[in-house]
Amino acid sequence: MTGVGNLYSLMVSWRGVTAGNRILIQDGINASGTIIEEIILNDANSTPAGQTIPLPAVGKEFGTGLYVNLAGITGGEVNVSIGYDANN
């Protein structure tokens, strides 16, 4: 997504990753964007339901776009569901 908006919800699930791997949600259109949320995976597999990431009720504002950076994942599978609203 490019443009201005708010990030309202974030849910992740994973399996077969290395504990300590990170998922970065960035304000931008590529990996050089500002990090607005960092998720550290606490073990190799999530619970079957995954994990909902707590966010403020008013959301987290982004100005350029939303970029999901999975570059820190060294193996396995990751699913990321994002709820956002564009402001333009």
*asked:* Looking only at the range 13-58, how many residues end up being of a type in the set (A, V, I, L, M, F, W, C) and closer than 21 Å to A86 by Cα?
replied: 10
*Residue in the range 31-88 that is farthest from S13 (Cα to Cα), counting only those that are in contact with a Lys or Arg (Cβ under 6 Å, 6 or more places away or on another chain) and touching a residue at least 60 places away in the same chain (Cβ under 8 Å)*: G76
*2 or more residues touching a Ser or Thr at 6+ places or on another chain (Cβ under 8 Å) and loosely packed, with under 14 Cβ neighbours inside 10 Å: qualifying strands (runs of 3 or more DSSP E) within the chain*: 5-15, 77-86
*Of everything in the range 65-83 that's modelled with pLDDT of 95 or more and of a type in the set (S, T, Y), which residue is farthest from N6 (Cα to Cα)?*
S81
*Could you please give the count of residues in the range 14-51 that are in contact with a strand residue (DSSP E or B) (Cβ under 7 Å, 6 or more places away or on another chain), among the polar types (S, T, N, Q) and modelled with pLDDT under 95?*
3
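The values are calculated or read from the model by the stated rules, or taken from the named source; none is laboratory data. These numbers were taken from a predicted model, which means no experiment stands behind them. Methodologically, a virtual Cβ is constructed for each residue, glycine included, from the backbone with ideal geometry; neighbour enumeration extends over all protein chains shown.
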